[in-house]
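K.L.:
Input: one structure, supplied below.
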Amino acid sequence: MYFIGLDLGTSGLKAGVVDGNGDIISDLYLDTHFSASHPGKAEQSIDEFFRGSVQSIAAVVQKAGIDPLEVGGIVCDGQMGGVIGIDKAFNSVTDLDMNLDMGSEKYNEYMHLKHGDLLSRVTCGSPLNGQKIIWWKEERPELYNHICKFVTLNGYVAGKLAGVTGEEAFIDYTLLAFSGIDDARKLAWSKDLCECLNIDMNKLPAIVSPEKTIGGLGRDAALQCGLLEGTPIFAGVGDQAAGFLGAGLIQPGFFIDVSGSSTLLCLCVDTCIPDVNNRTVMYMPSVKRGTYHAFTYINGGGMSLNWFVDELCSENDEGLQSKYEEITERASQTPPGCGGLLFIPYLGGRQCPFDSHIRGGWIGLNWGHGKEYLFRSILESIAYDCRLGYKNLKRIFPNLKVDEILITGGGSRNDLWNQIKADVMGIEYIRVGTYEYNLRGCGIIGAYGSGVYDSIDSAVTAMKRTVREKRYSPVMENHRRYSHYFNIYEGMFRNNLQKTFHLLSEAS
């Protein structure tokens, strides 16, 4: 039996055929795009995602050469931030109001200022979607009244494939991590928070387990996908949770650095301890019930690198990847610390702790800083933020002992960045692979949901892969040098810099 996995990311869509042993039989990658019509505005076309999903499924099934009768189901994972409004017929009322869009941040700020303690005590601790629902209610009431449910991207694609109605809309419990209106321990919507924020709970989708069958592939979609009508569609999962599952990193104690469109530092734990006083540590429910990924993150952290290369590096015929490799090579020749240069990596606002007014920028620029220095300072400053996250996780979990940090995500292919992180942290980094983990995670959910395995643990044992591709040992001389810069980085927001950002935000 085979399973189709779809990974719906910010910068790309991946599809693959996964067998019952966890092997990827065929796969495909498509670039996705988002529009930024003006600063703070970002939007993605859900039609592009749905068309790409259908085309990709057909392509990987044909490439694998499998009989549609052998396909046990389809599982979608997707971006954890962002919402789509649908009507009663499950037609879209909005495009994807994505996590990089800052339009609703004033409501995020309201949630933190007015109900911050309740947010920290009850939720997973990182609102991205709750305030978006408030924005639609307050700013676009005519559309809000037409919306039956708010769903996430993978829930939309899966629902369209299955032809469900708006009242049958769903969300899996791992995706509660970024809602800001959930009860983290009960894996349910928080009635108290919804009442405080005046959010209509009738517009929230049903919360289900990732392996739940939500319907069968509809007739039209089946024809386009080259599959049988009625092929099971499972509820799916958040993209980060899918990757952790596919790599088998769901046991307490695993420490993971995710270098993707957003950058996360995660610790797998078996308890949820609210960070009420500092509000820096968030929690993501794992697919395995009773297990969480405690994390800190930079919203759009990895996107800063693409932005820099795309906007500030010279044009050539080779495209983005060539420019990225060229500037990385030049940056590798510059000294640690970049001659006293720091980058502020919060182009999408700061989340840990929350401050919507903070933005990106360089501190310490002089005439001698070329583009390679600016680029390396982005790599280094995101590493400083990882170290700050590590410090905050150790505060919550004081018995934490870390001998190694596993690194995954698209950014993990950058050897220079991996070495910088090992030097900054003073801990060995180990690269453990590529986007295939997400596809394999989808396959594990499908295999468990269809009864191939009788538990998520047995499915993970049989199908997961954790390939330790390369080790990066810290250079202690660099670690000592970086520690000085880290102290400066950590202290920036205790000085007047934070006030300056607030004044700039008010002025704009």
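Derivation of every value follows stated rules applied to the coordinates shown; laboratory data play no part. Note that the structure is a prediction, hence the values are computed from the model and not measured. As a convention, Cβ positions derive from the backbone with ideal geometry for all residues, glycine included, and neighbour counts pool all protein chains shown.
K.L.:
Mind checking which aspartates and glutamates have their Cα closer than 15 Å to the Cα of LYS191? Skip sequence neighbours fewer than 8 apart in that chain.
P.N.:
LYS191 reaches ASP182, ASP183, ASP200.
K.L.:
Just how far, in whole angstrom, is the stretch 198-233 from the stretch 363-386 if you go by their alpha carbon centroids?
P.N.:
45
K.L.:
What's the Cα-based Rg to Rh of the stretch 396-508, Rh via Kirkwood?
P.N.:
We get a ratio of 1.16 for the stretch 396-508.
K.L.:
Right, another one. What is the gain in length, in nm to one decimal, between LYS41 and VAL276 on full extension, counting 0.36 nm per residue of separation less the C-alpha to C-alpha distance?
P.N.:
Gain on stretching LYS41 to VAL276: 81.6 nm.
K.L.:
Using mean Cβ contacts within 10 Å as the protection proxy, how do 465-476, 186-197 order, highest first?
P.N.:
Top of the packing list down: 186-197, 465-476.
K.L.:
Need one number: the % of Cα-Cα pairs in the stretch 80-132 sitting beyond the 15 Å mark.
P.N.:
Cα-Cα pairs of the stretch 80-132 separated by over 15 Å account for 52 percent.
K.L.:
Work out the P(r) tail for the stretch 2-245: percent of alpha carbon pairs separated by more than 28 Å, whole number.
P.N.:
Above the 28 Å cut-off, the stretch 2-245 has 30 percent of its Cα pairs.
K.L.:
Please list, in order along the stretch 244-260, the HN-Hα scalar couplings obtained from phi with the Karplus expression 6.51 cos²θ - 1.76 cosθ + 1.60 (θ = phi - 60°), rounded to whole Hz, x for Gly and Pro.
P.N.:
5, 5, x, 8, x, 9, 10, 9, x, x, 5, 10, 10, 9, 9, 9, x
K.L.:
If you plug each phi of the stretch 401-414 into the Karplus form 6.51 cos²θ - 1.76 cosθ + 1.60 with θ = phi - 60°, what whole-Hz ³J(HN,Hα) values come out, in order, with x for Gly and Pro?
P.N.:
10, 10, 9, 7, 10, 8, 10, 9, x, x, x, 5, 7, 8
K.L.:
Does anyone have the angle between helix 415-425 and the longest principal axis of the chain? Alpha-carbon axes, 0 to 90°, nearest 10?
P.N.:
Helix 415-425 sits roughly 70 degrees off the main axis of the chain.
K.L.:
Going 7 Å from the Cα of ARG413 toward and past its Cβ, which residues in the stretch 247-262 have a backbone nitrogen under 17 Å from where you end up?
P.N.:
What the label zone holds, given the 17 Å backbone N cut-off, is 258-262.
K.L.:
Please list, ordered by chain and number, the residues whose modelled amide H lies under 5 Å from the amide H of GLU404; skip anything fewer than 5 residues away on the same chain.
P.N.:
The list, which skips near neighbours in sequence, is empty: none.
K.L.:
How large is the Kirkwood hydrodynamic radius of the chain, in angstrom, based on all distinct alpha carbon pairs?
P.N.:
So the Kirkwood estimate lands at 23.0 Å.
K.L.:
Straight-line reach from LYS499: which aspartates and glutamates have a Cα under 15 Å away, not including same-chain ones fewer than 8 places off?
P.N.:
ASP355
K.L.:
Continuing with this model, one more query. Out of the DSSP beta bridges found with both residues in the stretch 2-245, what percent are antiparallel (nearest 5)?
P.N.:
70
K.L.:
As I understand it, the value is the acute angle between the Cα axis of helix 303-312 and the longest principal axis of the Cα atoms of the chain; what does it come to in degrees, rounded to 10?
P.N.:
Tilt relative to the chain: about 70 degrees.
K.L.:
Also, I was wondering about something else. If you count the DSSP beta bridges with both ends in the chain, what percent of them are antiparallel, to the nearest 5?
P.N.:
70
K.L.:
Next question. Which pairs in the list LYS14/LYS212; LYS132/LYS391; LYS203/LYS288; LYS160/LYS203 are over 25 Å apart, alpha-carbon to alpha-carbon?
P.N.:
Among LYS14/LYS212; LYS132/LYS391; LYS203/LYS288; LYS160/LYS203, the Cα-Cα distance tops 25 Å for LYS132/LYS391; LYS203/LYS288.
K.L.:
Find which of GLY368, CYS272, ALA459 sits farthest along the positive direction of the dipole of the chain, computed with +1 on the beta-carbon of Lys and Arg, -1 on that of Asp and Glu, about the Cα centre.
P.N.:
The one lying farthest along the dipole's positive direction is CYS272.
K.L.:
Can you give the angle from 0 to 90° between the axis of helix 320-331 and the longest principal axis of the chain, with both taken from C-alpha atoms, to the nearest 10?
P.N.:
It is inclined by approximately 30 degrees.
K.L.:
Can you list the residues of the stretch 152-171 with backbone N under 12 Å from a point 7 Å past the Cα of ASP31, pointing along Cα to Cβ?
P.N.:
Nothing falls inside the zone, counting backbone N under 12 Å.
K.L.:
On to the next question. What are the lysines whose alpha-carbon lies under 27 Å from the alpha-carbon of LYS371, with same-chain residues fewer than 8 places away excluded?
P.N.:
LYS41, LYS323, LYS421
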